[in-house]
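Read the structure below first, then the notes.
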Amino acid sequence: MNENMKSMIKDLKNEFPKIYDRVNHGLYILAIDENGKVYEDEPGFDEKIVEEIQIIYNGNTVSVYPNYIYKCSIRFFVVRYEDLDIITKAVAIVGKHLRKIG
């Protein structure tokens, strides 16, 4: 995994230590490459081919689509009001690291 992705996961774990990495009961992310392959945190993932980062929290899903021209698209699916605070903080952390991919 590349340094930006490692740093992104580290920041998410630091910001959300009690809830990060708890599939179906907390917050986690999935990176999806241009071929549709899904990565969690396995080695060998090239961050330059990321097409989508899915942020999943308590069954809510938000997708961030980088376009590498210092912009991204974000798609919020159905999100519970009480989960917006955590999800928007997670989106900000993901965006901070996606912006650094060259």
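Take the residues in region 12-25 that are surrounded by 15 or more Cβ atoms within 10 Å (Cβ to Cβ) and either more than 13 Å from the chain's Cα centre (by Cα) or within 12 Å of residue 90 (Cα to Cα) (or both); name whichever of them is modelled with the lowest pLDDT.
Residue satisfying both the conditions and the ranking: 20.
Need at least 3 residues that are crowded, with 17+ Cβ neighbours inside 10 Å and in contact with a Ser or Thr (Cβ under 8 Å, 6 or more places away or on another chain) per element, so show me which strands (runs of 3 or more DSSP E) inside region 27-98 make the cut, counting only ones lying wholly within it.
Per the criteria, 50-57.
Could you list all residues from region 66-95 that are small (Gly, Ala, Ser) and out of contact with any strand residue (DSSP E or B) (no Cβ under 9 Å at 6 or more places or on another chain)?
Correct list: 92 only.
The values are calculated or read from the model by the stated rules, or taken from the named source; none is laboratory data. Fair warning: this is a prediction, and the values are worked out from it, not measured in the lab. We place every Cβ from the backbone using ideal geometry, glycine too, and count neighbours over all the protein chains shown.
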